[in-house]
Amino acid sequence: MDKLKMHSPDMSQQNIEKIRALFPNCVTESRTPDDSLHLAVDFDLLKQELSGSIVEGPQERYHLNWPGKRQALLTANAPIAKTLRPCREDSVNFDTTQNLFIEGDNLDALKLLQETYLGKVKLIYIDPPYNTGRDFIYDDDYSEASSDYLKRSNQTDESGARLNANTEANGRFHSDWLSMIYARLRLARNLLKDDGVIFISIDDNEVDNLRKACNETFGEDNFVTQVIWQKVYSPKNTAYWFSEDHDYVLVYARNKKAWRPNPLPRTPEMEARYKNPDNDPRGPWKSADLSARNRYDAGIYSIACPSGRVIEGPPRGMYWRFSEKKFKELNADNRIWWGEDGNNVPAVKRFLSEVSSGRTPQTLWFYKEVGHTQDAKKTLLKYVPFQHTENVFNSVKPVELIQRVLQLATNPQDNEIVLDFFSGSATSAHAVLKQNSEDGGNRRFIGVQIPEPLPKPEPGMGSIFEMGLTRIRNVAAELREQPNADQQDLGFRVLKVDTSNMADIYYSPDALSQGNLDLLVDNIKPDRTEEDLLFQVLLDWGIDLTLPIRKDSLCSKTVYTVDDGALVACFDRNITEDLLKALAEQAPLRVVFRDDGFATDSLKINAEQMFKQLAPGTDVRAI
């Protein structure tokens with residue numbers, strides 16, 4: 001019986017498989033230090049295959065480089081033996097919601113989500129640390145052993161928690177930040193759908209480096225635009241040089257040819273420009289110039305006004321937009337406006353009912369439409385009862401800003417996934433719930449936040465992650481009072497990044513003794529629940545982490561059924577033949593047991609054969 005691997009995918013081996021498909025002669029076998037075989041690339045042969053284009057040595061080339069880049073790439077590709085543990089007590093509507101809040105380092109979380117959400121995320125919005133010299137705790141250690149680096153650079157507090165102060169005194173100021181964001185962008189790209197898109201908030205400190213990193217990750221051809229967001233409503237007179245009134249939002253598509261932004265709704269000001277002075281039954285209209293600069297030989301002719309005045313031709317250097325025949329047709333259809341006295345230069349009537357229902361998005365976003373930082377702080381204070389003002393973020397984003405992103409990049413009824421792996425105060429989750437409430441959408445959110453301590457502990461919340469949960473609970477409570485709230489998903493499942501559920505039983509032969517042999521009897525850690533095991537199996541099999549889960553009793557054993565048969569799991573011991581037959585009769589897509597859960601060794605051996613006979617389409621695995 002095959003076993004589940006119980007760790008995140010090895011991206012390096014996946015890349016080798018891709019090379020193998022193109023150049024099978026360039027992939028060979030190699031031994032690791034532990035004497036196990038694995039696939040490896042013969043780079044000498046690969047260079048020969050690419051000899052017409054390969055760049056080697058100090059030869060000049062255009063590329064982005066920094067100390068730690070190679071290690072960042074290795075870090076992004078390396079597998080981890082971790083899992084996501086469900087936390088029902090912190091969740092809301094755990095059994096029915098399709099939203100996720102994940103507590104933990106987002107690098108770990110992105111790795112754990114690789115198989116489950118590969119190519120399934122429609123929109124990623126992130127607001128990463130801006131690298132302004134303040135503390136940020138995403139230091140992945142790209143040059144030396146973690147313990148050595150943290151000890152040398154005083155990045156641990158009294159309790160041993162990591163805290164990397166990335167100040168200008170740090171010699172790797174830009175390099176640290178680039179390594180942090182680069183590894184995460186590489187993983188994030190894998191999650192985007194082909195018509196997916198990522199929006200990234202950033203300021204002047206790293207916008208140049210971020211664009212280069214994104215060009216390398218997503219491809220320069222997939223750069224869409226660099227939006228300017230007016231983040232303040234009044235200038236800062238205390239500024240030493242200039243008042244910084246704006247931030248940026250970088251936009252990159254997974255595949256620019258497959259993605260287009262949705263048009264934005266017309267503003268009331270735009271619709272107010274349409275009038276109906278002649279009571280045209282087709283409704284409000286506005287006039288448009290009949291002349292144009294583009295050469296059009298059929299657009300030169302005289303026009304007689306209803307008043308009798310003759311206009312000999314278009315203005316000098318201009319041409320009428322239409323031929324004389326087309327102009328007469330428009331005039332006969334009452335689509336030409338001559339002015340109230342019938343003596344004006346003719347204009348074309350553009351009817352509101354005939355123009356596009358939306359407007360093309362622009363690259364300049366004013367705070368009047370998408371909010372500013374003071375709005376964002378007021379909103380945060382409304383939903384989070386702070387006792388200490390130092391806990392209120394200065395860089396929090398307005399909900400309206402993220403709603404603008406949602407309007408451009410998602411469709412209300414397509415059940416699309418929105419990911420924010422720098423969740424912070426959960427503005428993105430707030431925006432998803434609010435936008436769904438306003439347009440009846442069914443968007444889903446996944447928020448990831450490291451449990452960074454608040455500057456000062458607050459009652460009921462000691463970390464930024466808990467602050468975000470508090471905010472969304474209160475937002476959801478408010479939205480439940482709105483009409484049709486019963487049709488909205490206002491809950492979330494909380495999952496926490498933790499070490500693998502599997503016990504650390506990898507000992508060298510000389511480390512074994514009679515006294516510790518009993519440690520090898522159980523391969524699952526004693527503090528882990530059956531639901532912990534279930535979620536690690538979901539990750540390993542790449543099954544949606546929000547699918548409904550049913551807990552039943554069958555043949556006196558506890559059986560978990562995910563999505564009515566997408567997966568059936570039983571982690572009890574002493575599994576009997578009766579239970580195996582009962583499960584096989586259900587013909588689930590997948591079934592999983594504990595490796596040591598069978599009543600006898602012969603039953604374990606026969607289990608696969610039993611399913612092949614009764615349920616040949618069922619994939620049977622063990623942990």
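Residues that are in contact (Cβ under 8 Å) with a residue 40 or more places away in the chain, of a type in the set (V, I, T) and not in a strand (DSSP E or B) within the range 236-272 comprise just one, T267.
If you take the residues of the range 446-470 that are under 14 Å from the mean Cα position of the chain (by Cα) and not hydrophobic (A, V, I, L, M, F, W, C), which of them is surrounded by the fewest Cβ atoms within 10 Å (Cβ to Cβ)? So that I can check it myself, show each step before the final result.
Taking the range 446-470 first, the residues under 14 Å from the mean Cα position of the chain (by Cα) are 446-449.
Subsequent filtering for residues that are not hydrophobic (A, V, I, L, M, F, W, C) retains 447, 449.
Values: G447: 30, Q449: 26.
Only one residue fits best here, namely Q449.
Here is the figure for the range 273-312: residues that are closer than 15 Å to L330 by Cβ, touching a residue at least 40 places away in the same chain (Cβ under 8 Å), not polar (S, T, N, Q) and not in a loop (DSSP other than H, G, I, E, B) total 4. No other residue among E89, E103 is touching a residue at least 40 places away in the same chain (Cβ under 8 Å) and either in the same structural domain as R493 (by TED's automatic domain parsing) or under 23 Å from V475 (Cα atoms) (or both) apart from E103. A Cβ distance below 9 Å, combined with a sequence gap of six or more or placement on separate chains, defines the contacts here; from the range 392-405, residues that are at positive phi reach no residue that is at pLDDT below 95.
Output the residues belonging to the range 420-472 that are in a loop (DSSP other than H, G, I, E, B) and farther than 17 Å from V399 by Cα.
G440, N442, I450, P451, E452, P459, G460
Number of residues in the range 78-108 that are out of contact with any Asp or Glu (no Cβ under 7 Å at 6 or more places or on another chain), within 27 Å of Q13 (Cα to Cα) and not in a loop (DSSP other than H, G, I, E, B) equals 4.
When Q488 is tested against (1) crowded, with 17+ Cβ neighbours inside 10 Å; (2) modelled with pLDDT of 95 or more; (3) farther than 23 Å from D203 by Cβ; (4) not basic (K, R), only condition (2) is not met.
Residue-wise test of (1) surrounded by 12 or more Cβ atoms within 10 Å (Cβ to Cβ); (2) over 30 Å from F223 (Cβ atoms); (3) within 50 Å of the chain's Cα centre (by Cα).
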{"residue": "D289", "(1), (2), (3)": "yes, yes, yes"}
{"residue": "A298", "(1), (2), (3)": "yes, yes, no"}
{"residue": "A304", "(1), (2), (3)": "no, yes, no"}
{"residue": "P314", "(1), (2), (3)": "yes, yes, no"}
{"residue": "L330", "(1), (2), (3)": "yes, yes, yes"}
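I200 fulfils the conditions (1) assigned to a helix (DSSP H, G or I); (2) within 29 Å of E369 (Cα to Cα) except for a single criterion, (1). The listed residues are K581, K525, and the only one of them that is modelled with pLDDT under 95 and over 33 Å from the mean Cα position of the chain (by Cα) turns out to be K581.
With crowded, with 22+ Cβ neighbours inside 10 Å and either outside the structural domain of L380 (by TED's automatic domain parsing) or not β-branched (V, I, T) (or both) as the only criterion, which of R480, R443, R473 stands out?
On the way: R480 fails: crowded, with 22+ Cβ neighbours inside 10 Å; R473 fails: crowded, with 22+ Cβ neighbours inside 10 Å.
Testing whether each residue is crowded, with 22+ Cβ neighbours inside 10 Å and either outside the structural domain of L380 (by TED's automatic domain parsing) or not β-branched (V, I, T) (or both) leaves just R443.
Looking only at the range 64-97, residues that are more than 26 Å from L185 (Cα to Cα), touching a strand residue (DSSP E or B) at 6+ places or on another chain (Cβ under 8 Å) and polar (S, T, N, Q) come to 3 in all.
The values are calculated or read from the model by the stated rules, or taken from the named source; none is laboratory data. Computed from a predicted model, the values in this text were never measured in an experiment. All Cβ positions, even for glycine, are placed from backbone atoms using ideal geometry, and neighbour counts span all protein chains on display.
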